[in-house]
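Laboratory data are not the source of any read-out in this text; all were calculated from the coordinates shown. None of these values were measured; they are calculated from a predicted model. Here the Cβ positions follow ideal geometry from the backbone for every residue, glycine too, while neighbour counts run over all protein chains shown.
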Amino acid sequence: MVRAAIRTIVVPLVVFGALLFSSCSRNLGYGVLFWSSENPAVPSGTVLRVHIRSNINRVWVVATPREFRTAYNQINRFEVPLSHLELVGSKRRALERAEAFAPYALLYAETLQSGLPIRETPDNVSRRVYRLREGDIIKILHPVNGQAVIGTDGEPLPGRWFRVLTQDGTAGYCFSFRLRVFEHTDGPLVASSEERYQEEYDPELERLLSRTWSPESFGTMVSTRRLNLNELAKQWNFDAGLETGTARIRTADIDRSFSYTQIRSSGGSTWRFEGTTLQMSLRNENTLAVQFTEPGGMLRTFNFVALPTRVDDIIHQETVRREALFRNIFQHGPEFTSTNFGTLKLAENGRFTWTGNMLLTPQVIPHSALGSGLVEMSLFLSNQIAQQHAGAFTMYFDGVGGARFPVNFMYSLDAHGLRLEHAPQTSMDGLTVVRRSSSPLVIYFFRTQTEPRSTFEFSAPANPEDSFDVFGMFDFTEENGADGNVP
């Protein structure tokens, strides 16, 4: 009875001991060291046998290769951060991986600029995953193809994109223009000073630097929905220059660059660019004031805003909207005829031909204009004018030698045709028609095709008081054949 009890206790202990011994000596496979170890001194690129993975301590337990043991250091195993080693599997595969990594195994880089970003993809507009401090050391994993980084002179900067790894395990992509790349073969890596690492994390600055800051005029265009695509296409902005160490202000009025060493907080949501007179202040969630002092002592301030979406997306959305407006007019025709003002034909690509418009020359259409051109739905109406017209556009008449002659019209559509009203420059405020001419010229074109179009949504009917006012700036009579019988 006693012996049976002893067997019941001893046998599980022996099995447990065997399991414990096998777990301590188990081998997960082989891996390649990405970041050199200092104790023991093992260089990156070395193939290591991996015994244990600890998710709690975030480390691998690996065997020390015999060639790296010394009389003073007989450590058989040591710990490696999980991010500093890639577990490959078999020794053969690990050796193949190490051979591929060999050209970059000893390459590290020192950051020459505080605030230099590590990005999610090799593109300087992609999301930032890490912000480096001046003097930080990162591991070069391998070069990659990426988007060119453009300098303040509009030319691509010298350098290339690298896949990199930080000491704390963050991986991403960094452009080499503000890096000092070097080989590390022996001894400890020179790390950033303790003072730099004690620098407080600034979440407000992080959010600010992650956004695109456009001129205040862009924000006004977006909020009023009156977009000047020519201006938006210039991509004016304020760029803090994290990849280059050179901040740049680009607006319609200025193009100025500032080379700095780091961005430092001045308190009160204000930051200064060290080595320059440039500073920026966050006035509210979406407004940034950028200031600098001219050599003569004059302080200049420019306001920038964070738009709700990328400028390219805004341009695309507006382009689609304008194409839909033109398509609406085109599908209602595409050919329109007026007794006195000729025939207007539209093409799907926005082109037009207008014949028989001699009565509009030269008061509306210049003598040098040809009978063809391009319609651009680039104009807007004030709220008051919008009550009487569906919209406005510019007809760019072709000229000799590539010249273009713009003529602005407001328009309305009804069941029978197209109504145009000339909008001279005196009626305009920028791209917006804000008032009618003192002597309005109204032209009515009948649709050549009169079959009903069930899918067409007509605009509001023309104001009856204006329907017969085709004479406007001309003293036409009935003998002239002016179109007066507007349905």
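Things to note:
- Radius of gyration over Kirkwood radius for the stretch 265-358, both on Cα atoms: the Rg/Rh ratio is 1.39.
- Options Gly135, Pro156, Gln113, ranked by Cα towards positive dipole end of the stretch 107-199, top entry (Cβ charges): Pro156
- When the stretch 211-308 is described by a simple charge dipole with +1 on each Lys and Arg Cβ and -1 on each Asp and Glu Cβ, the residue from Leu227, Met280, Trp213 located farthest towards its positive end is Leu227.
- Nearest-20 debye value, the stretch 23-99 charge dipole, Cβ charges on Lys, Arg, Asp, Glu: 320 debye
- Two-decimal Rg/Rh across the stretch 327-381, once Rg and the Kirkwood Rh are taken from alpha-carbon atoms: 0.98
- Taking only the Cα atoms of the stretch 23-99, the radius of gyration and Dmax are 11.6, 32 Å.
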